[in-house]
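Structure, as structure tokens:
The values are calculated or read from the model by the stated rules, or taken from the named source; none is laboratory data. Here the structure is a predicted model, which is why all the values come from computation and not from measurement. Note that we place each Cβ from the backbone using ideal geometry, even for glycine, and neighbour counts take in every protein chain shown. Note: areas computed on protein heavy atoms with side chains; ligands, DNA, RNA excluded. Shrake-Rupley method; radii C 1.70, N 1.55, O 1.52, S 1.80 Å.
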Amino acid sequence: MRTKSWQEILGKRKTAAQSVKQVKNFNQFLPVMKGRCFSIVFLLGLHTVMLERFHVIVPDYPIIVTVGDDVVLDCQLVPDISLDNLEVRWFTSDSAFPVHLYTGGQDRPDVQDKAYEGRTELFKDELPRGNASLKLKKIKASDEGRYTCFIDSGTYRDEAVMNLKVEGFGHRPWVHLEENNKEGLRVVCKSDGWYPEPEIWWEDGNGQVLTTQSETEFIKDSRGLIAVQSHIDITSDSVNKFSCFMQSQVLSKKREAHLQISDEFFPKVNVVNAWLVIFWVVAGLVITAAAVDLMVHRKEDKKIKELQLFCTLEGYNEVEINYVSVILDVETANPELEVSEDLKSVRNTWTKRSLPDTEKRFMYWSCRCVLGSEGFTSGRHYWEVEVEGNRWWSLGVAAESVNRKDRVDRSPENGFWTIERDYYDQFYINSSPRSRLPDDQIPGKVGIYLSYESGTVSFYDADTKSQLHTFTGNKFTEKLYPFFFTFYLNECLRICSEASGLSHHQ
């Protein structure tokens, strides 16, 4: 065994001394290391808490939507952490139940407000990106209000409120004449489908505002929308042109309608006023008798005047016109049309019924047509049809031999003499080619006049007694039937029981 040299022993002692010194230095450093580890753990925990903090961001301006449309209520988390395992709750202050609740990774329709049942939806593909936006479908007037987007992670929560404003931009007003209780005339302006109540005003033909002379009524329907009816009573010294304006309070958009009153209405009133003046000044009892007689026969005289308007088309001074009590022929009706029990109205159901394909029936899917039950091979005939509220219709007469199985243009060349309002809210004469009528002349009630022998089919605004169009120069050789077409779901055409524009006169 080799004897260790002193140099080796001295070296090992030195190494051992260094090791002892290192251990002493580590023991001194250990408290520092413990403090630093605690700081690292604290910072990591604080970072985790900070990651769970978020802000809910929604638009700071009102969201405006039209009744019946869909809308997206935007809501976004910042930072865009995933919402898959968080609670997303939409609610309003008006209800104890949520508009929409998403929690535990699924929707909770069982706790949803019944008013929103089946009308709400989150964008599930966007939840991992912090998008909590809500799609609200088929907006109702009652949906207007303040909506809160609330997000809860379990350890942190935040919410934001946004304002939803609902508007109903109503249908174009229609203006017509009525008799008032004072034996005078009344200009009436109607429209529906508004929300909230529109601003309404009147102007005359000179641009003078007449609103202070008007009376206006607002009526809310079952959908929460508002129907408007306003009127002005007029006299013989009034101007004969009136304009009715309705403007949305939300969108600042307006609709308008105009009425030009025929001078035929005023001579009778002027005569009455003249006789009354002479009565007080000169004539006494003689003029009184004349005035009384004029008042008694005023309505009859008015009908005679109106009748003369029709007769001038053919150069007759006097003529008998038959007011037809039209009823519909259900055997001709397209299978998707529904004719009322009294055979006076028809609506489009968009549901095809199992009906026999007879020779008489219109079968092509887009030909939602029906004919009157009585056809004409001679004479002069007049009837009226209510079209107010119907946005796509066609009216007139059709030959017995028209094509009922395929789509054809409703023009004279194909056996149709018709006018039409279409889905673009445009007004047409169905000729070849089609010819536009002024859109502001679209009536609420259409009068149709057929003179078989003279080959004439005329159309009138039955309320204003104004002529819309006349087909002339035709040579009819076969039976003609009243013709009706309506396309939009549940929108009706109704045959009037009495004619406002014409009366049978012997």
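Annotations
- Rounded to the nearest Hz, the phi-derived 3J(HN,Hα) couplings of the range 469-483 under the Karplus curve 6.51 cos²θ - 1.76 cosθ + 1.60 (θ = phi - 60°) are 6, 9, 8, 10, x, 8, 10, 6, 10, 9, 5, 10, 10, x, 10, where x marks glycine and proline.
- Förster radius 30 Å - calculated FRET efficiency between TYR424 and PHE123 (Cβ-Cβ, nearest 0.05): 0.35
- Interchain or long-range residues, amide H under 5 Å from GLU374's placed H: ILE327
- For the range 340-396, the list of GluC sites (Glu not before Pro) that fall in a loop by DSSP and count at most 11 other C-beta atoms within 10 angstrom reads GLU341, GLU359.
- Calculated from backbone phi, Karplus (6.51, -1.76, 1.60) coupling profile of the range 328-337 in Hz, x at Gly/Pro: 8, 9, 5, 6, 9, 5, 3, x, 8, 9
- Listed values for the range 401-415 are Karplus-derived 3J(HN,Hα) couplings in whole Hz (6.51 cos²θ - 1.76 cosθ + 1.60, θ = phi - 60°), namely 8, 4, 5, 10, 10, 10, 7, 9, 5, 7, 10, x, 4, 9, x, and x replaces Gly and Pro.
- Residue pairs exceeding 25 angstrom between C-alpha atoms, taken from LYS405/LYS445; LYS165/LYS220; LYS114/LYS220; LYS135/LYS165; LYS360/LYS465: LYS405/LYS445; LYS360/LYS465.
- Accessible surface of TYR61 - all protein chains present, 1.4 Å probe, nearest 10 Å²: 130 Å²
- Tensor-based shape of the range 397-506 (alpha-carbon gyration tensor, a/c under 1.5 rounded, otherwise prolate or oblate): rounded
- Note on TYR481: accessible area approximately 30 square angstrom, rounded to 10, probe 1.4 Å, nucleic acids and ligands left out.
- Distant-in-sequence amide H partners of THR66 (H built 1.01 Å from N, under 5 Å): GLU167
- Ranking HIS100, HIS171, HIS55, HIS469 by solvent-accessible area of protein heavy atoms (1.4 Å probe, all protein chains present), from largest to smallest, gives HIS55, HIS171, HIS469, HIS100.
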